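Contents: one structure, followed by commentary.
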Amino acid sequence: MRLASGIIITHNPDDVLSSLEALRGDEIFTIIRSQDDKGVPKEFQVTHVKETIAKAFVASEELNYIILVAPSFSEIVQNRLLKILEEPPKNKEFIIITESKSAILDTIKSRMPITIIKESKSEEVFALDIDNLTLAEVYEFSQKNSRLSSIECKKIVEKIATLAIKSDSYSLDKASLELLSNSIRALDMGSPTSFVLNTVLLKLLARKR
């Protein structure tokens, strides 16, 4: 990793920020993170765009890296950021730290180099024996993954659903399948990830043969 303008794809933004800090010399860092009141990461908001633009136009003699950190950036937000990313004010550079390369607009990807940080986290969070699920494992898994972003949690729920449907250990009825589908919508509406994971896994336990 090097200190330069660009997009960094990672599920561990804190680790990336620490790595960037280790590379910093006289440069200034202005970090804008999207989090809820409990510090849980959430999608970058329009209010953060306004903050970004305002801070970008604060004059500085030193090079100022404005670092935008969020699990996702909507198309509306990216379009509002586009002009300042294309023509940053003097002594300003931008770094975007987010989770999905595919969610970044082509107009932004064409202007900013992308670095993908390979991680084993996605494999770790799916380390759950669906065929031999127990109440203790449900509790442990939910606690371990209680601070996941909604995007990460969606991937886990989809994986759990796929494994459960393929497994012979569960008798899934229409209501069970609807609950799996509705859990994705619940995450979109801001439901806590631990609640969603608990609900899905406990429903599976109830349908275990």
> Does Ser191 fit the bill of being part of a loop (DSSP other than H, G, I, E, B) and within 30 Å of Asn79 (Cβ to Cβ)?
Replying inline: yes
>> Restricting to the range 148-168, name every residue that is among the basic types (Lys, Arg), surrounded by fewer than 15 Cβ atoms within 10 Å (Cβ to Cβ) and either assigned to a loop (DSSP other than H, G, I, E, B) or in contact with a helix residue (DSSP H, G or I) (Cβ under 6 Å, 6 or more places away or on another chain) (or both).
In response: none
> How many of the residues in the range 6-23 are in contact (Cβ under 8 Å) with a residue 40 or more places away in the chain and over 26 Å from Glu152 (Cβ atoms)?
Replying inline: 0
> Would you pick out the residues in the range 1-60 that are closer than 22 Å to Asn91 by Cβ and of a type in the set (Gly, Ala, Ser)?
Replying inline: Ala4, Ser5, Gly6, Ala22, Gly25, Ala54, Ala56, Ala59, Ser60
>> It is to be established whether one or more residues within the range 40-59 are touching a strand residue (DSSP E or B) at 6+ places or on another chain (Cβ under 6 Å) and more than 18 Å from Ile84 (Cα to Cα).
In response: yes
> Leu204 fails exactly one of the following numbered conditions: (1) at pLDDT below 80; (2) assigned to a helix (DSSP H, G or I). What is the number of that condition?
Replying inline: (1)
> Of these, Ala103, Ala56, which one is touching a helix residue (DSSP H, G or I) at 6+ places or on another chain (Cβ under 7 Å) and surrounded by 15 or more Cβ atoms within 10 Å (Cβ to Cβ)?
Replying inline: Ala56
>> Cβ-Cβ under 7 Å, sequence separation 6+ or interchain: first residue in the range 182-198 and in contact (Cβ under 8 Å) with a residue 24 or more places away in the chain, partner outside any helix (DSSP H, G or I) and not charged (D, E, K, R). Which pairs?
In response: Thr193/Asn145; Thr193/Ser146; Thr193/Leu148; Ser194/Ser146; Leu197/Asn145
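The values are calculated or read from the model by the stated rules, or taken from the named source; none is laboratory data. Every value quoted in this text rests on a predicted model; they were computed, and no experiment measured them. Here Cβ is always computed from backbone atoms with ideal geometry, including for glycine, and neighbour counts include all displayed protein chains.
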